[in-house]
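Student: Please find one structure pasted underneath; my questions will follow.
The values are calculated or read from the model by the stated rules, or taken from the named source; none is laboratory data. None of these values were measured; they are calculated from a predicted model. Cβ: placed from backbone, ideal geometry, glycine included. Neighbour counts: every protein chain shown. The protein model used for the area step is the full one, side chains on, heavy atoms only, and it has no ligands, DNA or RNA in it. Shrake-Rupley method; radii C 1.70, N 1.55, O 1.52, S 1.80 Å.
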Amino acid sequence: MLGMALAALDSTIIATAIPQIVGDLGGFAVFSWLFSGYLLAVTVTLPVYGKLSDTYGRKPILVTGIALFLLGSLACAGAWNMASLIAFRILQGLGGGALQGTVQTIAADLYPMKERPKIQARLSSVWAASSVAGPGLGGLLAAYGDWRWIFLVNLPVGALALWLIVRHFFEDDARHDSERARTAAGRRPRVDWPGALAIFACGGLLLTALVQGGTAWPWLSAPSLLLLAGSALCAAATFAIERRAAEPIIPGWVWRRRTISAVNLALGALGLLMVAPTVFLPTYAQTVLGLGPIPAGFVLSVMTLSWPISAAFSSRVYTRIGIRNCALLGMAGAGLVLLAFPLLPYPGAAWQPALLMLALGAALGLFQLPLIIGVQSSVGYAERGTATASILFCRQVGQSIGAALFGAIANATLNDRLAHAPSAIRTGLPHDLDAVSHALEHAGALTARTADYLRRAVDTTVHHVYLGAAAAAALALLAVLLLAPRRFPVHADARTGASTPDAAAPDSP
C-alpha cells in the first residue's frame, strides 16, 4: 500500500502546483508534458515489467521500481528548467510502471481468491485517499513552502516502503517453483529485449500522437501523420519480433485466451469512458456550476470514495451470480449514470453531479475489480505478472485514446456553439475550452448575456462528452457479453493462495 501510495499521490499532488512551477521555471507552452511524459513512461513499461516479474520474481522488480521512482523524485526537486523537470518526470514514470503492475500482481500472489476483493479494495482506498488529499497537500506545499517539496515528500514514504518490502516480503517458494517448472521444461529465463524496445517505441509514438494531436498541432498535420505512421511501422516490427522470440514480452496467449482478451478489451473501454469524469467534470463544476477548484475537486472525488467500498463488497455479488454477470451489472449501471448526466438541469446544484459520480463509482467497483480478479485467478504464478500488466496496459491506452477522442468531440461541439452565437456577442468570444474556462474565471469582464451563453456552451459540450462515455460503456458491455466466458476458469493456486505454476486449469467456459 505504501508503494502504491507513491504512484497514487504523485498523480494528484502536482496539479495544484502547476502555476508556481511555471512561474519559477517558465515553459508554459510545454508544461502539459509533466503529465503526458509520466503517462507515456508508465504505459509503455507496464508490459515489460509484467514479463520481468514473471521471469525474475516480483520483489526485485518492485524494489527497482521504487528506487527509480525515488531517484526521479529527487531529480525533479532539483530541476533547473522545464525541460529537465519533464525529463525527470519521465524517469519517475519508468518507476511508476513497475509500481502499478507489480503491486496488483503481488496482491494476487499472496491472497486466495475469496480474500482478494478485500485486499484490492484496500489498494483502491490508497487512490481514493490520494485523490482527496493530493490536491490540497500540493496546494499547501506550493503556497506556503516550495513546489519542490511535492517531490521531496515522496522520499520518506518510499524509504519506508523499501524497508518494509526488503525486510518482510519474501517470495522464494513461489519463485523457485516457477524456476523449477521452467527447468523441467528445458527453458532458461530469457528477456526479449528487442521486443521490449519495439513495444516502448510503438507505445511512445502512438501515445505522443494521441496526447499532442489536436492540441500542440492539428490532427492532419505532418507531426501527427508521421507519429501515427511510425507507430504503425513499429507495431508491425513488434509483431514480427514477438512471433520469433522464445520468451516474448507480450505472448500470443494474452490474446488467444478468451478470458484475457475479453477483459483487455473491456478495460480498454473503461479507460476510454473514465476520461469524461476525470478530465471534463472539474471544468463543468467550475464553469457551469461556478465552484472553486477545491469544491470542484470534491464533486469528482466522491466517485473515488464509493469505488473501493463497492469493490470490497463485489465478492458477495460475483460469488452468487458469477464474475461475468457481476461485471455486466456494474457496467450497465455505469452506462445509465452516464446517460443521466445530460439530463441534469442548467445550471443545477453541486449535489446533483456529485450524486451521479457517487453512483458511477459504485457501479464501476462492481465492474473492474471482478474482471481483474478473474484474469489473475485464471493463470498461475509464472503468467500472472504478464496477464495483469496486459489489462492495465489496455486501460492506460484506452485513457489516452479517450483523451484524444473526447477532446475532439468537445472542441467540435464548442466551436459549433461559438460559431452560432448571436451576432451581438460573437465578437471577441474565445475559441477553445481552455480559453472559455479562463474567460469565465474572470467573468466580470464579460456581459451577463455573454457569460450565460458561454456557460451553456460548456454545459452542452460536457453533455456530449458524457454521451460519448456512455457509448464507451456500451462497448465494454458488449466485450464482456459476447467474448467473456460464462464461467471464468480458476487456476489451482488461486483457491489457496499457493503458487503451483505447473497446475494450470484449462482456459475455457
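Student: Let me confirm something: among 359, 421, which residue is of a type outside the set (Phe, Trp, Tyr), without any contact (Cβ under 8 Å) to a residue 40 or more places away in the chain and on the phi < 0 side of the Ramachandran plot? Quick ask: steps written out before the conclusion?
Tutor: Working: 359 fails: without any contact (Cβ under 8 Å) to a residue 40 or more places away in the chain.
Step by step, each of 359, 421 is checked, and only 421 is of a type outside the set (Phe, Trp, Tyr), without any contact (Cβ under 8 Å) to a residue 40 or more places away in the chain and on the phi < 0 side of the Ramachandran plot.
Student: Could you list, in sequence order, all residues of the stretch 83-118 that are of a type in the set (A, V, I, L, M) and at pLDDT below 85?
Tutor: Matches in the stretch 83-118: 113 only.
Student: For the stretch 342-448, which helices (runs of 4 or more DSSP H) that fit wholly inside it have 2 or more residues that are more than 25 Å from residue 473 (Cβ to Cβ) and acidic (Asp, Glu)?
Tutor: Helices (runs of 4 or more DSSP H) meeting the threshold: 433-441.
Student: Go through the stretch 54-105 and give me each residue that's outside any helix (DSSP H, G or I) and among the hydrophobic types (A, V, I, L, M, F, W, C). Please lay out each step first, then the result.
Tutor: Step one: of the stretch 54-105, the residues outside any helix (DSSP H, G or I) are 57, 78-81.
Selection gives 79, 80.
Student: Something else about it: If the requirement is being within 30 Å of residue 329 (Cα to Cα), surrounded by 22 or more Cβ atoms within 10 Å (Cβ to Cβ) and at pLDDT below 85, which of these qualifies: 268, 297?
Tutor: 297
Student: Looking at residue 64 and the list (1) under 26 Å from residue 171 (Cα atoms); (2) of a type in the set (Ser, Thr, Tyr); (3) in contact (Cβ under 8 Å) with a residue 40 or more places away in the chain, which single condition is not satisfied?
Tutor: Evaluating residue 64 over (1) under 26 Å from residue 171 (Cα atoms); (2) of a type in the set (Ser, Thr, Tyr); (3) in contact (Cβ under 8 Å) with a residue 40 or more places away in the chain leaves (3) as the failure.
Student: Here's a follow-up. Looking only at the stretch 83-100, which residues are open to solvent by 10 Å² or more (accessible area, probe 1.4 Å) and in contact with a helix residue (DSSP H, G or I) (Cβ under 6 Å, 6 or more places away or on another chain)?
Tutor: 86, 88, 90, 91, 94, 100
Student: Also, quick follow-up: Quick check: is even one residue across the stretch 322-335 among the β-branched types (Val, Ile, Thr), more than 26 Å from residue 129 (Cβ to Cβ) and open to solvent by 20 Å² or more (accessible area, probe 1.4 Å)?
Tutor: No, the conditions are met nowhere in the stretch 322-335.
Student: Can I ask one more? Scan the helices (runs of 4 or more DSSP H) fully inside the stretch 115-174 and keep the ones with 1 or more residues being touching a residue at least 24 places away in the same chain (Cβ under 8 Å), aromatic (Phe, Trp, Tyr) and open to solvent by less than 40 Å² (accessible area, probe 1.4 Å).
Tutor: Ranges flagged: 149-152.
Student: A further question follows. Being within 30 Å of residue 299 (Cβ to Cβ), modelled with pLDDT of 90 or more, in a helix (DSSP H, G or I) and in contact with a Leu (Cβ under 8 Å, 6 or more places away or on another chain) is the requirement here; does residue 227 meet it?
Tutor: no
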